[in-house]
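Have a look at the structure below, then the notes.
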Amino acid sequence: MATKILEPEQLSERVNVLRYFLEVGQRCYELHNFNTVTAIMAALESTPVHRMRKTWDAFARKHRHHMAYVGMFLQKKSWRAQT
C-alpha cells in the first residue's frame with residue numbers, strides 16, 4: 001500500500017490515494033476487519049509516506065482527523081473491547 005501511495009507524481013493524485021486508503025480503512029473497521037485496518041495504518045504511518053510533508057499538508061483536516069481516530073483503536077490492547 002505504501003508503494004501505491006508513493007507512486008503518483010502529482011500531489012493531487014497522492015492526496016486522492018491517501019483519501020482512498022483511509023476510506024477503505026474506515027469501512028474495514030466498520031466491518032470489524034481489523035487485519036486490513038492494521039495494514040492500512042502501517043502503510044500510512046510508514047517512514048516514506050509519513051515524510052511526504054507537502055502531501056500531508058494538502059490532505060484535508062477532515063481526513064487527517066479520521067486517520068487519528070482509526071489509529072487510536074490500533075493502540076488498544078484488545079480488539080474485542082472495541083466490538
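The values are calculated or read from the model by the stated rules, or taken from the named source; none is laboratory data. Predicted, not measured: the structure shown is a model, and the values here were computed from it. Every residue, glycine as well, gets a Cβ built from its backbone with ideal geometry; the counts of neighbours run over all protein chains shown.
Key figures for this structure:
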{"item": "Index of the failed condition, His32 passing every other in (1) at pLDDT 85 or above; (2) part of a helix (DSSP H, G or I); (3) over 12 Å from Met1 (Cα atoms)", "result": "(2)"}
{"item": "Single residue of Arg27, Arg14 found to be touching a helix residue (DSSP H, G or I) at 6+ places or on another chain (Cβ under 6 Å) and of a type in the set (Lys, Arg)", "result": "Arg14"}
{"item": "All positions within region 3-28 that are under 9 Å from the mean Cα position of the chain (by Cα) and in contact (Cβ under 8 Å) with a residue 40 or more places away in the chain", "result": "Leu18, Arg19, Leu22, Gly25, Gln26"}
{"item": "Evaluation of Pro8 against (1) modelled with pLDDT of 85 or more; (2) assigned to a helix (DSSP H, G or I); (3) surrounded by fewer than 17 Cβ atoms within 10 Å (Cβ to Cβ) (one fails), failing number", "result": "(2)"}
{"item": "Residue among Thr47, Thr38 that is in contact with a helix residue (DSSP H, G or I) (Cβ under 7 Å, 6 or more places away or on another chain) and either closer than 22 Å to Lys4 by Cα or modelled with pLDDT of 75 or more (or both)", "result": "Thr38"}
